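Submitted below is the structure of interest, expressed as structure tokens.
Nothing in this text is a laboratory measurement; each read-out follows from the coordinates by a stated rule. Note that the structure is predicted; figures quoted are calculated from it, not measured. Cβ sites come from the backbone with ideal geometry, for glycine too, and all protein chains shown count toward neighbours.
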Amino acid sequence: MRVVILGCGGFVGSHLLDNLLDDPRYQIEGWDPEDRKIRRHLVNPRFTLHRTVAHAPEALVEVERAIVHCDVVINLAAICNPADYNTQPLAVIRANLFDVYPIVELCAKHRRWLVSFSTSETYGRTISSYLPASSDADPDLYELREDETPLIMGPIRNQRWTYACAKQMTERLIYAHHTEEGLPFTIIRPLNFFGPRMDYIPTRDGDGVPRVLACFMAALLSGEPMQLVDGGHARRTIVSIYEAVDAIRRVLEKPEASQNQIFNIGNRQNEVTMAELADLMRRTYATITGDPRYNDHPIVTTSAEQFYGKGYEDCDRRMPDIGKAERLLGWVPTMRLPEILLGTMRSYHDEYAVPKAA
Ligand code: UDP
């Protein structure tokens, strides 16, 4: 199978390459200016990397040639870090909408199957978050169903929603190209994939605020307190990157089932509040290091405005209905959160806490 992957050098792309390149049936052409996470694949004759962004006008001729000759295009290129949504809203809208548009158009022009990575943020907030606390008991008010749940975002001044809105518009563009021009597509809405190589550690190999796993990990590594935004009440469901990549593989191998569908990819069993996640991570780190003092690593609370700046508003809860992925792809994630954290945090520990041999 000839696969084009745009944004192949990031967290998801690097794991997808590990998975697909293990199988001699796959031939991959990728675009990404960054190769740090995928260096081991650069010598693989079944992988070609173009070290540039795919949407650059000078790159598009090559991209079109690759699209014409491939079986499927996977778009992973995005700015997907919540700390950027309200602080660099223009860059976020450009990267997640306008930069993707030429790729959607090329796929439509050549009727090439586009597997597009969207986000669970497309759902925005749950209905139950606007109702009295008791409505939490009714799954219809909080469960996220691909083809039924309304998409609810906050006001324009809360620029946190730039990402969700840009991704939603990209989904709508793809769907419109499908209905009007027959573009074959699959949209994936990831729900908090966790695993090695997810994010940088601030002051070590990047600047700014990464996603929550790396924020908490950075605090554990540096001895600083872990910070809970707005008390850490927000809830997320966490899924292993390995199981998520298995879902993508199933999408690719079952086109008759996966084409023209939207899929939630997440694990319902692994729902935690951010406060619970912080506690579980400090206890996991005590196990990894053998140092029981981490069990009591300090945890403090902070306001969203202090942590992210003006215009941040949180998604309250993300409980996916994954019945469609189960039914059509035969995909059932089983890895529980403690196991996911153990493997992921061990890899961060080995990378950042253990001195490298000279
Ligand atoms: N968060 C937190 N402390 C941190 C970083 C993030 O409490 O140091 C919270 C954040 O406000 C959100 C949740 O953790 O409620 C998940 O944030 P993440 O950056 O992983 O991205 P998201 O799941 O919102 O896409």
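Quote the relative contact order of segment 1-131 in percent (integer), defining contacts as alpha-carbon pairs under 8 Å separated by 6+ residues.
Relative CO of segment 1-131 lands at 25 percent.
How would you order 277-289, 55-67 from highest to lowest mean count of nearby Cβ atoms within 10 Å?
277-289, 55-67
How do TRP31, TRP161, TRP113 rank when sorted from fewest to most other Cβ atoms within 10 Å of their own Cβ?
TRP113, TRP161, TRP31
Right, next: Take each complete run of DSSP H in the chain, measure how far its Cα atoms stretch along the helix's own axis, and keep only those covering 27 Å or more with mean Kyte-Doolittle hydropathy at least -1.0; list them.
Within the chain the helices that satisfy the rule are 161-181.
What does the extension gain come out to for LEU328 and ASP207, with contour length at 0.36 nm per residue minus their alpha carbon separation?
39.5 nm
Where in segment 109-133 does the label zone of ASP71 land, with the point 7 angstrom along Cα→C-beta and an amide N cut-off under 18 Å?
111-116
Follow-up. Whose amide H sits under 5 Å from the amide H of ASN260, counting only residues 5 or more places off or on another chain, with H placed in the peptide plane?
It is PHE185, THR186, by chain and number.
Let me ask you something else. Contour minus end-to-end for ARG145 and THR273, with contour as 0.36 nm per residue of separation and end-to-end as the Cα-Cα distance?
44.0 nm
Right, another one. How big is the dipole moment of segment 220-358 about its Cα centre under a simple scheme where the beta carbon of each Lys and Arg is +1, that of each Asp and Glu is -1, and everything else is neutral? Debye, nearest 20, please.
Roughly 300 debye for segment 220-358.
Counting pairs of alpha carbon atoms under 8 Å apart in space and at least six apart in sequence, what relative contact order in percent does the chain give?
18 percent.
Further question on the same structure: Efficiency by 1/(1 + (r/R0)^6): what FRET value for PHE307 and ARG94, r their Cβ-Cβ distance, R0 = 22 Å, to the nearest 0.05?
That gives a FRET efficiency of 0.35.
Before rounding to the nearest 500, sum -39500 (n - 2.57) across all DSSP H runs of length at least 4 in the chain and divide by the residue total; then give [θ] at 222 nm in deg cm²/dmol.
-10500 deg cm²/dmol
Could you work out how much longer the chain between ALA137 and ILE156 gets when fully extended? Use 0.36 nm per residue separation minus the Cα distance between them, nm to one decimal.
My answer for the length gained is 3.9 nm.
What list do you get for ILE156, ILE322, ILE74 if you sort them by fewest beta carbons within 10 Å?
Fewest to most other Cβ atoms nearby, the residues stand as ILE156, ILE322, ILE74.
A further question on this structure: I need SER129, SER118, SER347 ordered by Cβ neighbour count within 10 Å, fewest first.
Ordered by Cβ neighbours within 10 Å, fewest first: SER347, SER129, SER118.
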